[in-house]
1. Report yes if some residue within region 77-96 is outside any helix (DSSP H, G or I) and among the aromatic types (Phe, Trp, Tyr); otherwise report no.
2. Can you tell me which residue within region 25-76, out of those that are assigned to a helix (DSSP H, G or I) and among the polar types (S, T, N, Q), is surrounded by the most Cβ atoms within 10 Å (Cβ to Cβ)?
3. Looking only at residues that are under 22 Å from Arg369 (Cβ atoms) and surrounded by 17 or more Cβ atoms within 10 Å (Cβ to Cβ) in region 281-294, which one is modelled with the highest pLDDT?
4. Which one of these does Arg300 not meet: (1) surrounded by 15 or more Cβ atoms within 10 Å (Cβ to Cβ); (2) touching a Phe, Trp or Tyr at 6+ places or on another chain (Cβ under 7 Å); (3) part of a strand (DSSP E or B)?
Amino acid sequence: MPNVLVAVSGGLDSVVLLHRMVQQGHDVAIAHVHHGQRRASDEEYRFVERLACAYGVPFHGTRLELEAASQSAFREARYAFFETVMREHGYRELMTAHHADDVVETVLIQLHRNVIEVTGIPERRPFGSGTLVRPLLDETKQRLIEYAEHHNLEWREDATNAKTDYLRNEMRHLIIPELQAEWPTLVQDVCTAARLNREIWQRRYVAMADWMARHVRFEMKAFHVKLPTLATLSEEERHVLGRLLSQRFGVQVAEGMTRLMRSKRGTGVYDVGGDFRLEKRDGSLALTERGRLSIPSPQRVETLPERVTFGEHVVSLEVTDGGRGFPLDALEWPLYVRAPRPGDRISLSVGTKKVARVFIDAKVPKEKRPLIPLLVDATGRIIAIVGIRVSDFPEKSDARCPRLMVK
């Protein structure tokens, strides 16, 4: 039973890879994808099928039904097919024919797109139920041509590869030849640099996994990390942290983490898709489920004036010399800003009233009620439902007593 699946397009690179694997005694199978975009694809499909027959190896082929799709969409569909074949037939490795010239193209594209992790193409990485392997990364295109000619191999040329409509083809046919004219060792030098950079980034991932275990608090479907701790990381370290957290939760948190960190506001929310969102609050960055409210922690107030950030609300507490407001000597200190609790009641001139009923009367949306800040004193008496209603509990002082104003 073969344990290696070789992706064969019918082009020179994959034909050479297949020939080498067979010559070296590997037990292989072939996977081929008909993209359904060119007339020549029918003949290429039959050609690869004949190769499988000639080598006496299993053949797995499919035709994609995508209309006017992007290159990335075709790539995703192609690799989804490879993954399905591996899972259904028990292949442990998928081999592709990427080579050294492809590494140079990829590095230049990464630089062009301002990618932070410029590492070219890795030789191995986890893929589906097994591993994706690229055995030809040390081989130049010219060496593959020489190998094919030496062994009298037959292959098919995709005419679209000669066009410069796509960035990769533009790099291949226009930019890299000019660079090589001035820099003959371009391919070898770039491949070496990419390999060294991959090793640096691998060490960063190992170190960040250890940092994450010490500084990030995980729950079943959430995480919390203190903003001051997060601020000590470099841009590269935060990038790695974002990648590791994205892998763990299956959503892309890196961009949201960067935006919330750069924001000068003390609170913020970033939708990361799926059932999750990132929240910046209470000096922490947290990933929470969309349907699950994240209630801010109670905030203690011991001195005035004071501004208290409570979730997305800012509570301003000021002192006046008399008139409107709460007499300070009628309050039991310290004060607290907290979220509503079941059974909360506020004192009014006509008696007490449930806070829940105040919300209903004020037509506060149900989903916002748990996040409305309440100002209470040390005895638990509610001084104000901030922004909605203030308490009328009896005064103990004359009109000249300093007063608390809540805004």
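1. Within region 77-96, one or more residues are outside any helix (DSSP H, G or I) and among the aromatic types (Phe, Trp, Tyr).
2. If we take residues in region 25-76 being assigned to a helix (DSSP H, G or I) and among the polar types (S, T, N, Q), then Ser41 is surrounded by the most Cβ atoms within 10 Å (Cβ to Cβ).
3. This residue is Ala286.
4. Only one criterion is unmet by Arg300, namely (1).
To keep it simple, each residue is scored yes or no on (1) touching a residue at least 24 places away in the same chain (Cβ under 8 Å); (2) out of contact with any strand residue (DSSP E or B) (no Cβ under 6 Å at 6 or more places or on another chain); (3) not β-branched (Val, Ile, Thr).
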{"position": "Gln23", "(1), (2), (3)": "no, yes, yes"}
{"position": "Ser41", "(1), (2), (3)": "no, no, yes"}
{"position": "Arg50", "(1), (2), (3)": "no, yes, yes"}
{"position": "Phe59", "(1), (2), (3)": "yes, no, yes"}
{"position": "Ala80", "(1), (2), (3)": "no, yes, yes"}
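Here is a yes/no grid of residues against (1) more than 30 Å from Thr185 (Cα to Cα); (2) modelled with pLDDT of 95 or more; (3) not assigned by TED's automatic domain parsing to the domain that holds Gly10:
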residue: Ser41; (1), (2), (3): yes, no, no
residue: Tyr45; (1), (2), (3): yes, yes, no
residue: Phe59; (1), (2), (3): yes, yes, no
residue: Leu64; (1), (2), (3): yes, no, no
residue: Met86; (1), (2), (3): yes, yes, no
residue: Glu105; (1), (2), (3): no, yes, no
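Yes or no, residue by residue, for (1) in the same structural domain as Leu285 (by TED's automatic domain parsing); (2) in a loop (DSSP other than H, G, I, E, B); (3) small (Gly, Ala, Ser):
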| residue | (1), (2), (3) |
| --- | --- |
| Ala209 | no, no, yes |
| Val225 | yes, no, no |
| Thr229 | yes, no, no |
| Thr232 | yes, yes, no |
| His239 | yes, no, no |
| Leu244 | yes, no, no |
| Thr258 | yes, no, no |
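The values are calculated or read from the model by the stated rules, or taken from the named source; none is laboratory data. Being a predicted model, the structure only gives us computed values, none of them experimental. Methodologically, a virtual Cβ is constructed for each residue, glycine included, from the backbone with ideal geometry; neighbour enumeration extends over all protein chains shown.
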